[in-house]
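Below is one structure, written out as structure tokens, with a few remarks after it.
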Amino acid sequence: MAAPSLTGGGFSCLRRFAGQIHSRLCGLSSPPTTCLMHTSAPLDGPRHWEKKNFIVYPPQRADEPRRPAEVYHSRRQIKYSKDKMWYIAKLIRGMTIDQALAQLEFSDKKGAKVVKEVLLEAQEMAVRNHNVEYKSNLYVAESFSSKGKYLKRIRYHGRGMFGIMDKVNCHYFVKLIEGAPPTLETKTGFDQAKEYVQQLKNRTVIHSL
């Protein structure tokens, strides 16, 4: 009776399966070692973002205008894409707190609910810890997202093959300032083109005639 033979595809499938078992067993038995390669784990965005709430400024004189309160708040490791979160963060940038909450209320994005919770937490912190008299007298000065931890996982395909997929996370950061938002100067496309042409005329070309 002839012995069963394996084709090249069968050998590759067995080799792949043995490698997966070996990697899992090694991960369970061996202690964690420090890797010298760059990974996405330390990408926590601004590490000292919340510590800016504890900055102590020098006392102001009687003739100086009152320094507006600044509130820094964030939420880390959100199970959401940083690129999708960026669109929501840019939407509310420069708005008052009431306008931002109204925009997020009617948004059907998954990240809009998270951003709304962060804004409400920051608004409560402003009243409780930063001596803000009216909670509506705030505007979103900074709003951005950054990359969180990316966990690599296996996506199985047919015929014994597989691919690599990422379980993505992101961070969201917001800064609220007391007062009305500053008025931005609106420029037409013609004015922007004139400024660009003027910049080209004012530039210095090295080694030119």
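When a 1.4 Å probe is rolled over the protein heavy atoms, the share of accessible surface on the stretch 124-208 that falls to carbon and sulfur comes to 52 percent.
Here are some pairs, K51/K187; K52/K113; K82/K201; which of them have Cα atoms lying more than 29 Å apart in this structure?
On the way: K51/K187 37 Å; K52/K113 25 Å; K82/K201 39 Å.
Pairs exceeding the cut-off: K51/K187; K82/K201.
The residues of the stretch 57-112 expose on average 67 square angstrom of accessible surface per residue, using a 1.4 Å probe on protein heavy atoms. The chymotrypsin sites (Phe, Trp or Tyr not before Pro) of the stretch 100-209 meeting both criteria, a DSSP state outside H, G, I, E and B (loop) and at most 13 other C-beta atoms within 10 angstrom of the site's C-beta, are F106, Y134. Applying the criteria of a DSSP loop state and at most 16 other Cβ atoms within 10 Å to the trypsin sites (Lys or Arg not before Pro) of the stretch 154-209 yields R159, K187, R203. Of the GluC sites (Glu not before Pro) found in the stretch 87-163, those in coil by DSSP whose Cβ has at most 14 other Cβ atoms within 10 Å are E133.
The values are calculated or read from the model by the stated rules, or taken from the named source; none is laboratory data. Values in this document were obtained by computation on a predicted structure and should not be read as measured data. Every residue, glycine among them, receives a Cβ derived from its backbone with ideal geometry; neighbour counts consider all protein chains shown. Just the protein is used for accessible areas: all its heavy atoms, side chains included, with ligands, DNA and RNA removed. Shrake-Rupley method; radii C 1.70, N 1.55, O 1.52, S 1.80 Å.
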